[in-house]
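The values are calculated or read from the model by the stated rules, or taken from the named source; none is laboratory data. Source: prediction; values computed, not measured. Note: ideal-geometry Cβ built from the backbone for every residue, glycine included; neighbour counts use all protein chains shown.
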C-alpha cells in the first residue's frame, strides 16, 4: 500500500520536525488522531541551546523498525541543538504505518497533528490524480497529478531516474496551501511543510 | 449369420459418435507442471464435439477434426526480485525556509512475491483413429471406440495466445505494486521471455494430452437382459431376451458401414 | 451392395432371431397360445385366455385350444418343412401344432392335434419414429391331411381365425430390430427376404 496519510507513515514516507525550543522531549508511537496519553514514552530527544532561526541546523535520522508487534525507534535517545531537525522513516512493509507524538514541558510535536516547522513527505508509487486534504478539517487541500514517465529507452530510463532526486514542496500556513496543484512523475516525492497551523494531518480524499 | 444385424453408414455413424461425445460430457483434471522456469498449479476442463467419421474396415473409426474445447486456469508465483532488480529511490534533498535544508533517506523497494492467475479457453482440433471394442461390463454390453495412440495436437497458435494472455495477466497483477509503473513493461517482458512459447507448450501439451490419451467413446450400451416389450397389466408380463453376443466391425462394399451383430436367446 | 442402400440405417432379424423372439414372447405371455371356454379356463390368467362357450342347436360345446410347440417361422426362401405352403416374395411361413380338446354336453373329451402352416407377411403396426412396432398378418393357413377337401376348407377357415388371434398380439419393436443401437425412423420395409425381416431408415 502506498496511501497518502501522515497519520500512518509507511515506506516511502518521512516525518520531520525542526525543534526550535530547548527541552527534554519524551515521545512514543501513538494511535493516530488520539491524544498522546498512555504513552510508555520510551524515547527521548534532549534539545539544548538557544534558537537561531537563521542558522542551518543539523539533520538527525531515526529509523522506525518492528520488534514483534511493536514499533521501536532507533536510536532511542538523541542529543541535539535547537534548530536541528529529526527525521523519522521506516522500511517495514507489512504494517499499517506509524504515528508518533511527544512533548516537553513547553512544547510538543505530533505527526498526525502538525502545528509548526513540521514536514511530511510521501513518494508516490502509482499514476493518477490524488486529491489531498487535512484530515483534521482545518482547510488546506489540493491535487497531486502523478504521471507515468517515458521509459521506453535506456536514455529515457536514465532521465527518469534523475528526476527521482527532485521533489516538490507544498507549504501550508494557517488554512492555506501555497500550491493547489502539483504535477510529478511516479516515484517522485512531495513534501507537505507546515509553517504554522492549527494541527494538520495530510490525507487523501476518497 | 447373426440373429440381429444392424448397419449404419458414415453419416449415421457420425451421429453415433457425436452422441457419444455429448454423453462423455465435460471432463476435469488438475495438477501442477512446469511453466518455463516457474512451477504452475493448474485446473482444466474440456469436452469433445464435432468431427467427421470415416469408417475403415475391418474395425476402425477415423474421427477427423474432432474439437477439443478446453478451459484452462493456471497460476504461478515467484519473487519479483528474481525478475527485475530492486528499485531504489535516491535521497531527495530540499530547502524549506522555516525548516532548512534536509534530505530523505534512500528508500529501496523490495519487490514482493506475486501470483499471476491466467484463464484461457480455446479449441484444438485433432484427427485420430478409434478401434472398436465390444465387451460385457458386468450386466451391460458396451461397444467402445477406443483411441489408438495419442494424437499430435497443434498447439503453437494457442501457446502464443496463452503467452499474450499471460502478459496481460502479469501486467494486471503487477500494476497494483507501488513504484512498478516505470518498470512494468520491462517486468512483463522479462516474465514472458523467461517462459516463452516453449514454456507454455511444455505446460499445455501434457495437460491436453491427459484429455485425449486413452479417449474412449461408448457408442453402444444395452443391458444383457434386453427388454423387448414392457409389462402391460397383470396379465401381460414384460417380454425380455438375452443378448448372448455383441460384436462390432466395419464392412466395406460399395460404401463403408458400421456393423453391429447380436445373437439372442429367449 | 451395402446393407443400408439409400438409407442410413439397416436392421435385419434372421429367422433364428425371430424364433427366439417368438419363444420369449409366448413364454412370457402363454395365454396367447392357449384359449378355453369356462369349463376349461374359468377366467383369463397369465397362462390361458377364457373365451365364451359356443351355443349350437342347444348343445353346450366346451373346448380348449393350444398351440404347442411355440410357433416357428421360415422366412422366404422357404425350406423343405414349409413345402405345403411355401412363402413367396415378402412372405414367411409360421408352423405350429394346434391341439384341441372338445366336450359336448359334458360328454367324454375328444382330443386331437393338427399340424398347421400359416402364410404371413410383416407389417408396420405402429409407425412412431423410435418406438414403432412390426406386426404379423396372416393371409391363409394350410392343414395337412384332412379329407374330404371341403372339410379341410371348413377347418382351415376356423383355424385361420385362431392363428390370426394368436399372432395378432405379437410385436417386434424397432428398437429390438436394431438391438437398441439406434432409434429408427422407418423409411423402407419391413420386408421378408433372404431369411430375414429387414427394415431401413434414418436414425432418430
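For every residue, the table says whether it meets (1) over 24 Å from the mean Cα position of the chain (by Cα); (2) at pLDDT 95 or above.
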{"site": "B:16", "(1), (2)": "no, no"}
{"site": "B:42", "(1), (2)": "no, yes"}
{"site": "B:48", "(1), (2)": "no, yes"}
{"site": "B:58", "(1), (2)": "yes, yes"}
{"site": "B:89", "(1), (2)": "yes, no"}
{"site": "B:102", "(1), (2)": "yes, no"}
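You will find that of B:35, B:16, B:27, B:5, the residue that is within 24 Å of residue B:210 (Cα to Cα) and within 9 Å of chain C (Cβ to nearest Cβ) is B:16 and no other. Of the residues C:36, C:17, the single one that is under 26 Å from residue C:187 (Cα atoms), crowded, with 17+ Cβ neighbours inside 10 Å and touching a strand residue (DSSP E or B) at 6+ places or on another chain (Cβ under 7 Å) is C:17. In the set (1) within 14 Å of another protein chain (Cβ to nearest Cβ); (2) over 30 Å from residue C:179 (Cβ atoms); (3) buried (at least 18 other Cβ atoms within 10 Å of the Cβ), the condition left unmet by residue B:208 is number (1). Applying the selection to the stretch B:229-254, what residues are crowded, with 20+ Cβ neighbours inside 10 Å and within 24 Å of residue C:47 (Cβ to Cβ)? Listed by number, the residues that qualify are B:229, B:239, B:241.
Regarding the stretch B:187-198, can at least one residue be identified that is within 12 Å of chain A (Cβ to nearest Cβ) and under 30 Å from residue A:124 (Cβ atoms)?
Residues of the stretch B:187-198 within 12 Å of chain A (Cβ to nearest Cβ): B:187, B:189.
Filter again for under 30 Å from residue A:124 (Cβ atoms), leaving B:187, B:189.
Yes, the conditions are met somewhere in the stretch B:187-198.
For the stretch C:2-59, a residue qualifies if it is in a strand (DSSP E or B), out of contact with any helix residue (DSSP H, G or I) (no Cβ under 7 Å at 6 or more places or on another chain) and within 13 Å of chain B (Cβ to nearest Cβ), and the qualifying residues are C:10, C:12, C:14, C:34, C:50. For the stretch A:186-200, taking the residues that are within 16 Å of residue A:131 (Cα to Cα) and either in a loop (DSSP other than H, G, I, E, B) or at the interface with another protein chain (Cβ under 8 Å from one of its Cβ atoms) (or both), the one that is modelled with the lowest pLDDT is identified as A:186. Restricting attention to the stretch A:129-140, the residues that are at pLDDT 95 or above and either surrounded by fewer than 17 Cβ atoms within 10 Å (Cβ to Cβ) or within 11 Å of chain B (Cβ to nearest Cβ) (or both) add up to 2. For residue C:128, the conditions (1) under 23 Å from residue C:183 (Cα atoms); (2) in contact (Cβ under 8 Å) with a residue 60 or more places away in the chain all hold with the exception of (2). Taken together, B:65, B:152 contain a single residue that is exposed (fewer than 14 other Cβ atoms within 10 Å of the Cβ), within 17 Å of the chain's Cα centre (by Cα) and either within 12 Å of another protein chain (Cβ to nearest Cβ) or not in a strand (DSSP E or B) (or both), which is B:152. The set of residues in the stretch B:222-237 being within 15 Å of residue C:23 (Cβ to Cβ) and assigned to a loop (DSSP other than H, G, I, E, B) consists of B:237 alone.
Taking the stretch A:117-128 on its own, how many of its residues are more than 7 Å from chain B (Cβ to nearest Cβ), surrounded by 17 or more Cβ atoms within 10 Å (Cβ to Cβ) and assigned to a strand (DSSP E or B)?
Matching residues across the stretch A:117-128 total 3.
Within the stretch B:72-95, not a single residue is without any contact (Cβ under 8 Å) to a residue 60 or more places away in the chain and within 14 Å of chain C (Cβ to nearest Cβ). Scanning the stretch A:153-175 for residues that are more than 20 Å from residue A:15 (Cα to Cα) and either within 10 Å of chain B (Cβ to nearest Cβ) or outside any loop (DSSP other than H, G, I, E, B) (or both) yields A:154, A:155, A:156, A:157, A:158, A:159, A:160, A:161, A:162, A:163. Just one of the listed residues (A:79, A:105) is assigned by TED's automatic domain parsing to the domain that holds residue A:29 and either buried (at least 19 other Cβ atoms within 10 Å of the Cβ) or assigned to a strand (DSSP E or B) (or both), namely A:79. For the stretch C:144-193, residues that are crowded, with 20+ Cβ neighbours inside 10 Å, within 18 Å of the chain's Cα centre (by Cα) and assigned to a strand (DSSP E or B) total 4. Filtering A:26, A:16 for residues that are part of a strand (DSSP E or B), within 14 Å of another protein chain (Cβ to nearest Cβ) and at pLDDT 90 or above leaves a single hit, A:16.
Would it be correct to say that residue C:61 is in contact (Cβ under 8 Å) with a residue 12 or more places away in the chain, more than 25 Å from residue C:190 (Cα to Cα) and crowded, with 19+ Cβ neighbours inside 10 Å? In short, no.
Do the conditions hold for residue A:136, that is, is it in contact with a strand residue (DSSP E or B) (Cβ under 6 Å, 6 or more places away or on another chain), more than 17 Å from residue B:182 (Cβ to Cβ) and part of a loop (DSSP other than H, G, I, E, B)? Yes; evaluated as a whole, the condition is true for this residue. Within this structure, residue B:159 passes the test of being in a helix (DSSP H, G or I), under 14 Å from the mean Cα position of the chain (by Cα) and more than 30 Å from residue A:150 (Cα to Cα).
Please verify whether the stretch A:189-198 includes one or more residues that are more than 30 Å from residue A:20 (Cβ to Cβ) and either surrounded by fewer than 19 Cβ atoms within 10 Å (Cβ to Cβ) or in contact with a helix residue (DSSP H, G or I) (Cβ under 7 Å, 6 or more places away or on another chain) (or both). Scanning the stretch A:189-198, I find no residue that is more than 30 Å from residue A:20 (Cβ to Cβ) and either surrounded by fewer than 19 Cβ atoms within 10 Å (Cβ to Cβ) or in contact with a helix residue (DSSP H, G or I) (Cβ under 7 Å, 6 or more places away or on another chain) (or both), so the answer is no.
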